[in-house]
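Asks: Once you've had a glance at the structure underneath, I'll fire off some questions.
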């Protein structure tokens, strides 16, 4: 099954490509034709072996009952796919994605708000920008621990509520609804900064004369936002929406680190990882991964259709 | 107060609120890392100041029992090779695609473009088998090769920069007898410094923070990187929040320092990476 992977010679990626003989006859057609391939040898080998071969294998595994170790496997047709969409406990994970999707709506709205404010002159602008962005750079495991303590009994959140005279013994990560909401909140805390900086960049690249002209015409802040900022950030906004959707579907780190998928917080990727590496259901896990891949590709395709990319400029 | 003043006050209040929301959880963990386990057991609350402000005992525990030293060493090793490889691979690809006309060029470009759409998390089930078949499972080479081989974003970044280097430079060098490899090494590569800086920063932070790949591919304790080593704090230190907090602070601190020093490059780099 895996022999597609052996066709490409094992790359030695760190080393530069085989040194081109310095005395290569200049202008010799064959050399000129070969040169780009020498540069592309290592990159293409890596790309084929670690991106395309896995996809091909994964699709192949998804039609079998392979356990990932034994040499024996049986062709099961679309059985795995049927199982994913009909077994309730497997399908459940899509509902968990709903929490993250809802959270990303909040996240995008907040990022837009702060980007609009900080796009203009505000005191300590750089400080606020840094504070809002910094969480995005923090290690996910560290964030997980910071917020485990935050939501703990008598932890940060309970203490802060105590300051306001609210005393609760609510276990924040105790019930599925509360746990998923809390985890989705953490992911807003973590990823808001990236959205914010993208929006801010787009807003600041709008020429300032536009605002000045608008102000002369007596446009207020809302009108400026509606007619100048909104159109200016549309491409970034759609990109952000796509990133949010695929991010919500492939949420992994925060829930895995904080709850391990317990109390109904299992996401699609956690489930796939568990199926593949804990329960040795490589076939079923592959089918799940193919489904996720197809959903994400479909979402991206829709985005490309909605916003024809002016900058498809790779060549 | 006029309406404008009210609006301004509200704006600053919202910014202040956001600052508290971002910084408070971090500050509390920092405070906790300085407390002794008796202080925590007393239940004096999460927001109180530690008794001794310079109690570094938990940091020592985190370093010694939490294997943080070897974690930093492993992370540094992986960072070095993964970043070096990414820079070489990305710049070579960009040079080949931008400066040469060759058959199948469209196909090659399409392969890279499509790969950029495939989220890495989805394919790990099958990538795992391939990595294992190369005998790289549970070695530091597994993450290194994966970080190098699947980074399309840095190819984009390099491509933008290669395109901005005038072709006349290549041509005059070729007249002087330089071959393609010399041109790449002597002219293109040195002029790519800003792109290299961007890629090093973005890639560095991504690799430093990555949890999924080391977690899947390097289960042995000795090969813990900072993410996986910190993750393992949950077992032995169970309810010892002061030690776990110290570990978290140790992991966050380098990021904070790098961020404060290189802010401008970091914003630019991540924007480029995301919008490509």
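What follows draws every value from the coordinates through simple rules; no lab data is involved. Since the structure is predicted, the reported quantities are computational estimates derived from the model, not experimental observations.
Asks: Once you have the Kirkwood Rh of the range A:218-292 from its Cα pairs, apply Stokes-Einstein at 25 °C and 0.890 mPa s and quote D in µm²/s.
Replies: Details: Rh = 15.1 Å.
For the chosen part, D equals 162 µm²/s.
Asks: Related question: Let me check I have the definition right: for the protein assembly as shown, take the eigenvalues of the Cα gyration tensor, multiply each by 5, take square roots. What are those semi-axes in whole Å, largest first? Please report the intermediate quantities before stating the final value.
Replies: On the way: eigenvalues 320, 210, 126 Å².
Equivalent-ellipsoid dimensions as semi-axes: 40, 32, 25 Å.
Asks: Based on the alpha-carbon gyration tensor of chain B, what equivalent-ellipsoid semi-axes (square roots of 5 times the eigenvalues) come out, in whole Å, largest first?
Replies: Ellipsoid half-lengths, sorted descending, are 43, 27, 17 Å.
Asks: Per Stokes-Einstein, at 10 °C and 1.306 mPa s, what whole-number D in µm² s⁻¹ belongs to chain A, with the Kirkwood radius over Cα pairs as the hydrodynamic radius?
Replies: Working: Rh = 23.7 Å.
Using the Kirkwood radius from Cα pairs, D works out to 67 µm²/s.
Asks: Which whole-number percent is the relative contact order of chain A (Cα, under 8 Å, 6+ apart)? Walk me through the numbers before you get to the answer.
Replies: Details: 304 pairs, mean separation 81.6, N = 315.
Relative contact order of chain A: 26 percent.
Asks: Hull surface divided by four, with the convex hull built on the Cα atoms of the range B:3-55: how many nm²?
Replies: Details: hull surface 18.3 nm².
So the Cα hull casts an average projection of 4.6 nm².
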